[in-house]
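Below is one structure, written out as structure tokens; the observations come after it.
The values are calculated or read from the model by the stated rules, or taken from the named source; none is laboratory data. Not measured: the values here are computed from a predicted model. So basically every Cβ, Gly included, is an ideal-geometry build from the backbone, and we count neighbours across all protein chains shown.
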Amino acid sequence: MTIEIKYDCNEIDWNLVASILKQVGMAHHAPEIHAKAFQASHTKVFIFDDDKMIGFGRALSDGAYQAAIYDCAVLPEYQGQKIGSLIMEHILKHLEGCNVILYAAPGKEGFYQKQGFSRMKTGMAKFISEQVMQDKGFIE
């Protein structure tokens, strides 16, 4: 495996981004929506094995003291090989000095705890599709 890390959106296949998110059971949208979200993000990390995109993640931040991580995903056949940890390491490197929040898919909390994250006692959310998020186990 030959790993390459990219920090920009040049030459990204947004159809593949949507496909990977769908494959791992995360929220996915039309490719142009993902392009807009990643391009507007403070930090973006794309991981390639040779020329094949195998994972990615992004963060929103004010660049001063607050940040939130979204869309951290790894192709199923590459999971368990520390690719997710590599994505998180490179995102967090760009967020030094910031408090960082995220929400994990139910069952994935352990991965983020290994990255140094703690459960929040007072986290709150307002979702567009509240019933869908409740059905998926994100909210009570």
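Annotations for the structure displayed:
- Candidates Ala68, Ala73 - the one that is touching a helix residue (DSSP H, G or I) at 6+ places or on another chain (Cβ under 7 Å) and either free of Cβ contacts under 8 Å to residues at least 12 places away in the same chain or surrounded by 17 or more Cβ atoms within 10 Å (Cβ to Cβ) (or both): Ala73
- Test: residue in the range 10-24 that is free of Cβ contacts under 8 Å to residues at least 24 places away in the same chain, surrounded by fewer than 17 Cβ atoms within 10 Å (Cβ to Cβ), part of a loop (DSSP other than H, G, I, E, B) and not acidic (Asp, Glu): yes
- Residue within the range 94-112 that is within 20 Å of Glu4 (Cβ to Cβ) and modelled with pLDDT of 95 or more present: yes
- Note on the range 42-72: residues that are under 14 Å from Ile5 (Cα atoms) and of a type in the set (A, V, I, L, M) total 4.
- Just so you know, in the range 1-18 the residues that are farther than 18 Å from Ile91 by Cα and touching a helix residue (DSSP H, G or I) at 6+ places or on another chain (Cβ under 9 Å) include one that is modelled with the lowest pLDDT, and it is Met1.
- Among all positions in the range 27-47, there is no residue which is on the phi > 0 side of the Ramachandran plot and either surrounded by fewer than 16 Cβ atoms within 10 Å (Cβ to Cβ) or in a loop (DSSP other than H, G, I, E, B) (or both).
- For the range 87-124, the set of residues classified as touching a Phe, Trp or Tyr at 6+ places or on another chain (Cβ under 7 Å) and over 20 Å from Leu21 (Cα atoms) consists of Gly97, Cys98, Asn99, listed by residue number.
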